[in-house]
């Protein structure tokens with residue numbers, strides 16, 4: 001028996017059929033891409049919104065486990081600006097070694113699969129400043145979170 005696409009009738013083979021579809025979706029790549037395009041046109045924001053909401057939930061859990069929803073340096077509490085900082089550096093090396101993307105890294109921490117002993121919470125500005133001080137030895141900057149204008153003020157020492 002020859003497997004055929006249920007939409008166009010094309011014979012299905014390794015070149016035109018996703019391996020993960022075998023046994024579940026009897027549809028060729030071309031027809032599948034068209035089905036996906038039509039769905040995205042009909043539901044333009046549903047997939048992105050759900051993903052963004054889930055990522056924010058995971059980020060919140062990871063930040064809470066790593067020390068709270070506040071920058072350890074300046075006190076920023078805007079979750080959009082907060083991120084995890086490796087206290088001893090080497091964050092990119094770790095992510096590459098275990099092949100973790102940023103969101104998977106946060107998910108591993110949120111699920112308790114990754115220790116938070118060597119991690120703290122910093123805003124993007126303070127994290128960049130920390131990296132500059134550690135790697136380049138440039139010192140003399142202070143970051144202060146000013147809630148009145150919802151942004152950090154950079155002041156020379």
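Considered as a group, the residues in the stretch 126-140 that are more than 16 Å from residue 69 (Cβ to Cβ), touching a strand residue (DSSP E or B) at 6+ places or on another chain (Cβ under 9 Å) and in contact (Cβ under 8 Å) with a residue 24 or more places away in the chain include one that is surrounded by the fewest Cβ atoms within 10 Å (Cβ to Cβ), and that residue is 131.
Taken over the stretch 110-125, residues that are modelled with pLDDT under 90 and in contact with a strand residue (DSSP E or B) (Cβ under 9 Å, 6 or more places away or on another chain) amount to 0. Of the residues making up the stretch 78-104, those that are touching a strand residue (DSSP E or B) at 6+ places or on another chain (Cβ under 9 Å), surrounded by 15 or more Cβ atoms within 10 Å (Cβ to Cβ) and either in a loop (DSSP other than H, G, I, E, B) or without any contact (Cβ under 8 Å) to a residue 24 or more places away in the chain (or both) are 78, 81, 91.
The values are calculated or read from the model by the stated rules, or taken from the named source; none is laboratory data. The model shown is predicted, which means the values in this text are computed figures rather than measured ones. Neighbour counts run over all protein chains shown; Cβ positions are idealised from the backbone, glycine included.
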